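Notes follow the structure.
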Amino acid sequence: MKIGVIYGGTRVTGNTETLTERVIQGLPVEKIYLKDYHIKPINDERHTQDGFKEVNDDYKAILDRVLDCDILLFATPIYWFSMSGTMKLFIDRWSQTLKDERYPDFKKVMAAKKAYVIAVGGDNPLLKGLPLIQQFQYIFDFIGISFEGYVLGKGNKPAEILQDEQALSIASQIQRTLEREIKLK
């Protein structure tokens, strides 16, 4: 059982990463910091005669690491009621992968995975983070990933998330669930 954490934040040890560390404490995980990679925006060539062209960036290296995981944790700050731009760039490229002959089983492999979302925002995230959660639900439904749960936390200034007892409690619940999953496999 391999857990992959996809960090969409850009702040080193930001509130999202701090909350995510609560979820994964003591667990063996593969950490993927999207900010450390170059991911080009998708050039939508679905309807061109030649289809998508090869893109020279780090996307495939990240994707291969993600495909190797059984459980995915999508960790992102809440930006404008949605995920971070780095996270969105990564997920947008899935459209290209769905048409990529090198990944003929992409949707099938992704559909065998479970996913959680960890998101932190500064202003009323329990309400303003709901569009983000709905967006992930639609993404997971389309690709076939089992959406297992989420935690929305409140934090703006560094370490402010540590004051959100409700988010910390939910993070601990998810951590225990993941711990059980690993023991069962």
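The values are calculated or read from the model by the stated rules, or taken from the named source; none is laboratory data. As the structure is a computational prediction, the values presented were derived from the model and not from experiment. Every residue, glycine as well, gets a Cβ built from its backbone with ideal geometry; the counts of neighbours run over all protein chains shown. Ligands, DNA and RNA are excluded from the accessible area calculation, which covers all protein heavy atoms including side chains. Shrake-Rupley method; radii C 1.70, N 1.55, O 1.52, S 1.80 Å.
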For region 64-151, what is the relative contact order in percent, using Cα pairs closer than 8 Å and at least 6 residues apart in sequence?
39 percent
Can you tell me the length gained on complete extension of the stretch V109 to D141, counting 0.36 nm per residue apart and subtracting the Cα distance?
10.1 nm
Just the number, please: carbon plus sulfur as a percent of the accessible area of region 60-185, 1.4 Å probe, no ligands or DNA/RNA counted.
53 percent
Quick one: go through region 134-160 and flag any residue whose amide nitrogen is under 18 Å from the point 7 Å out along the Cα-to-Cβ line of L98.
134-147
Once both label points are put 7 Å beyond Cα along the C-beta direction, the L130-R176 separation in nm becomes 2.7 nm
Accessible area per residue, 1.4 Å probe, Å², for region 128-172: what's the number?
53 Å²
Expressed per residue, the solvent accessible area of region 1-115 in Å² (1.4 Å probe) is about 52 Å²
